[in-house]
Amino acid sequence: MADSKTPDIVYTKVDEAPELASASLLPIIQTFAAAAGVSVGTKDISLAGRIISTFPEALTEDQRITDDLAVLGELVKTPEANVIKLPNISASVPQLVAAVKELQAQGYALPDYPYEPETEEEKAVRAKYDTIKGSAVNPVLREGNSDRRAAIAVKKYAQSNPHRMGEWTADSKTRVASMSSGDFSSNEVSATLDKAATAKIVLETAGGEIVLKEGVSYPEGTVVDATYMSAKALDAFLAEEIEKTKEEGVLFSLHMKATMMKVSDPIIFGHAVKQWLKPVFDKYGDKMEELGVDPNGGMGSLLDKVSGEPEIMAAIEEVREMRPPMYMVNSDKGITNLHVPSDVIIDASMPALIRDGGKGWGPDNKQHDTNCVIPDNSYAPVYDETIKFFKKNGKLDPATAGTVQNIGLMAQKAEEYGSHPTTFEIPEGGTVKMILDDGTVLHEHKVEKGDIWRSASARKAPIEDWVNLAIERQKAEGCEAIFWLDEDRAHDAELIKYVKPILEAKGVADKFAIMSPAKATVKTLETITKGENSIAITGNVLRDYLTDLFPILELATSAKMLSIVKLMNGGGLFETGAGGSAPKHVQQLQEENHLRWDSLGEFCALGESLKFLADARSNEKARVLGEGVDVATQGILDHNRSPSRKVGEPDNRDSHYWFARYWAEALAAQSKDTEIAAHFAPIAKALAEGEAAIVGELAAAQGSAADLGGYYHTDPEKTASVMRPSETLNKIIG
Ligand SMILES: NC(=O)C1=CN([C@@H]2O[C@H](COP(=O)(O)OP(=O)(O)OC[C@H]3O[C@@H](n4cnc5c(N)ncnc54)[C@H](OP(=O)(O)O)[C@@H]3O)[C@@H](O)[C@H]2O)C=CC1
Ligand SMILES: O=C(O)CCC(=O)C(=O)O
Ligand SMILES: [Mg+2]
């Protein structure tokens, strides 16, 4: 049971742009929901909140806060759960360290992040910080599988207002490079457990056995994989691609998911930093280690650490001159792809590059063809095929393209995204064995020092739930539906053993195809090019990748997606959009007080959450409110009330005014509930009469720098005054 203090709807407190948007939108939601007796409260899952709640012993009584993530982690396992989840930061080490510094400066006596913990105390601090790092929130809350799609109104809007797409030409030199051997894809083995088991993972070396992990327990029917990436193969591949990029005269770029793959991918990123600066590491490696350089943290912190060493700085400059130009995150500020591991995140970065006709930004602040290096070949073929498709057929036309929905296997830390506790950088050569409690050696690999070994798993109940969710969705849509599974891949072959019998038992096998990700990509692109729709039924990683890729091509952004997590124990988790927390938007707000964040994802999630509440609690007033949200969202689209990108034009705050107004008007106009209609009629009237004043007050706020009192831990009052600058609107909302 949820505790008695849990509000009817939990709206998460997060970071960056969506949190700023909440400062304006949440008061509107709370006021409106109260009219249906629905309470909307917050739980703090922000990076700063997570840090503060993890170190109570270091803080004063009034600085301490509860561990809301733990509370939510329990709530999502109950049928009462109704959570609106906004995107939060999945912190890389540089982001975590920056957040700790900011909090320390605000008077929080937090321990420094120990880069190389030595004492027991430092190790304990580091272990605590490690729980906050990377994608530490989503896997806890996602106790269900994923259903992401564009609402019909949103798709129709995109078709009648198509966004600009970059041109694709047959002679584009943009391509995807990925490893042909020695990677996770080539080394994967997989097995389904016929009984519950507990495993230990050991490394047998010449000097004896090293226990990497013990007591990993799996229920019966779990699909357990193991694989590794060879460090030598990775280095050879990176060195070769750096050279090839130079010969081809394109930009070098590296795309990975250091946030969700928080153990493996920062290490791979570190290999890229070391290969890029190889001559420098060869000559000054020991000195740099003494200076505390951590290549996995990126070039930004590396440069900071060596800035007082003119010889090393000169060597770095020399290497830069012989390297190809690099793909830039911000060419004005000299921030490259290798600056921090969290700037270029594959799910968003690859689609944006593809939308722009295969062009990335170079150091000269111009767009160029790009070599997109994606070391592991498991999912790289999706981008490779997409790029080849557009080179051959030209860009997609958003005015006529059909849509791709996604049903993603996600629950209970499914697959690679749940693998960080069982991922290891191998300390010395030997054999890794995964041994079950009955003595069975489930998997084994010969490995060398530095290889990255990992085991991922997917449980039976979530797999079955996922297949059933796919069947329901296909029935509702009646369109093409493809399981993106490769019968020649070890893990996928095990999943197919679950999928086929369920489809057959339900008599729907003829409605579904099963295709490798490469083939499914081509088929799906052909389908949407014809204006037809497709459902991509995928594992967890492709859930993430495809729910940015197709929305970014079809709608320009994944922020407008409907993103529902049907919790396996009956509750509802409504994610807002399919994208992230848009750091660039915060920068713009701080510089010129314009927030271009689009809250359409929040609007879509709110409508679903209220209707879910109506069903779960038989609250018909909540249904009326939810239906009103749908009308308001339609109004935002019909009247082009979404935020503009440029200062001086309507922004996020204006869109919230219009949302409130359309919502109030819809509630006043409906006849299902006369009490609600009577309550909202004067509010609708006041909002309409106040239009000129409100729009004027919002416009007047823009143009100069805005002070939020922090970045990771903003000052609530300062934020409210920035985000709610219209006195007229504030009076009406109360
Ligand atoms: N569910 C979650 O909790 C997720 C969290 N993240 C986290 O978010 C952070 C940033 O990730 P990143 O990969 O850069 O992806 P983002 O989705 O935050 O940003 C990519 C770009 O997408 C556009 N965009 C995204 N959301 C909106 C919106 N609501 N309105 C308008 N435009 C939008 C912006 O483009 P433009 O700049 O052109 O306006 C933005 O710069 C990271 O810390 C990451 O870990 C990422 C994905 C999901
Ligand atoms: O949890 C994260 O770090 C990112 C999640 C994400 O990108 C997604 O779910 O689409
Ligand atoms: Mg994503």
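Key figures
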quantity: Flag for PRO682 being surrounded by fewer than 20 Cβ atoms within 10 Å (Cβ to Cβ), at pLDDT 95 or above and either touching a helix residue (DSSP H, G or I) at 6+ places or on another chain (Cβ under 9 Å) or not in a loop (DSSP other than H, G, I, E, B) (or both); calculated: yes
quantity: Qualifying residue in the stretch 34-51 (condition: over 27 Å from the mean Cα position of the chain (by Cα) and more than 13 Å from LEU610 (Cα to Cα)); calculated: no
quantity: Set ALA21, ALA34: member being crowded, with 24+ Cβ neighbours inside 10 Å, hydrophobic (A, V, I, L, M, F, W, C) and modelled with pLDDT of 95 or more; calculated: ALA21
quantity: Residue count, the stretch 204-233 (criterion: of a type in the set (S, T, N, Q), without any contact (Cβ under 8 Å) to a residue 60 or more places away in the chain and surrounded by 15 or more Cβ atoms within 10 Å (Cβ to Cβ)); calculated: 0
quantity: Strands (runs of 3 or more DSSP E) enclosed by the stretch 442-558 - at least 2 residues per element that are modelled with pLDDT of 95 or more, crowded, with 23+ Cβ neighbours inside 10 Å and within 16 Å of ligand 2 (Cβ to nearest atom); calculated: 534-538
quantity: Only one of ASP630, ASP598, ASP615 that is of a type in the set (Asp, Glu), outside any helix (DSSP H, G or I) and either within 16 Å of ligand 1 (Cβ to nearest atom) or modelled with pLDDT of 95 or more (or both); calculated: ASP598
quantity: Scope the stretch 341-354; condition part of a helix (DSSP H, G or I) and either at positive phi or near ligand 1 (Cβ under 10 Å from one of its atoms) (or both); matching residues; calculated: ILE346, ASP347, ALA348, SER349, PRO351, ALA352
quantity: Verdict on ALA605 being over 21 Å from PRO162 (Cα atoms), within 16 Å of ligand 2 (Cβ to nearest atom) and out of contact with any Ser or Thr (no Cβ under 9 Å at 6 or more places or on another chain); calculated: no
quantity: Index of the failed condition, MET410 passing every other in (1) touching a Lys or Arg at 6+ places or on another chain (Cβ under 8 Å); (2) not hydroxyl-bearing (Ser, Thr, Tyr); (3) not in a loop (DSSP other than H, G, I, E, B); calculated: (3)
quantity: Any hit, the stretch 123-134, residues being within 12 Å of ligand 1 (Cβ to nearest atom) and not acidic (Asp, Glu); calculated: yes
quantity: In the stretch 556-580, residue nearest to ligand 3 (Cβ to nearest atom) [restricted to those that are touching a helix residue (DSSP H, G or I) at 6+ places or on another chain (Cβ under 6 Å) and among the polar types (S, T, N, Q)]; calculated: SER558
quantity: Residues that are within 22 Å of MET256 (Cβ to Cβ) and among the small types (Gly, Ala, Ser), drawn from the stretch 521-558; calculated: ALA536, GLY539, SER558
quantity: Check on ALA239, exposed (fewer than 15 other Cβ atoms within 10 Å of the Cβ) and without any contact (Cβ under 8 Å) to a residue 60 or more places away in the chain; calculated: yes
quantity: LEU59 being within 16 Å of ligand 2 (Cβ to nearest atom) and either β-branched (Val, Ile, Thr) or at pLDDT 95 or above (or both); calculated: no
quantity: Filter result for ASP369 (at pLDDT 95 or above and in contact with a Lys or Arg (Cβ under 8 Å, 6 or more places away or on another chain)); calculated: yes
quantity: Residue list for the stretch 565-595, filter: part of a helix (DSSP H, G or I) and crowded, with 24+ Cβ neighbours inside 10 Å; calculated: LEU589
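The values are calculated or read from the model by the stated rules, or taken from the named source; none is laboratory data. These numbers come from a predicted model, not from an experiment. Cβ atoms come from the backbone with ideal geometry, glycine included; neighbour counts cover every protein chain shown.
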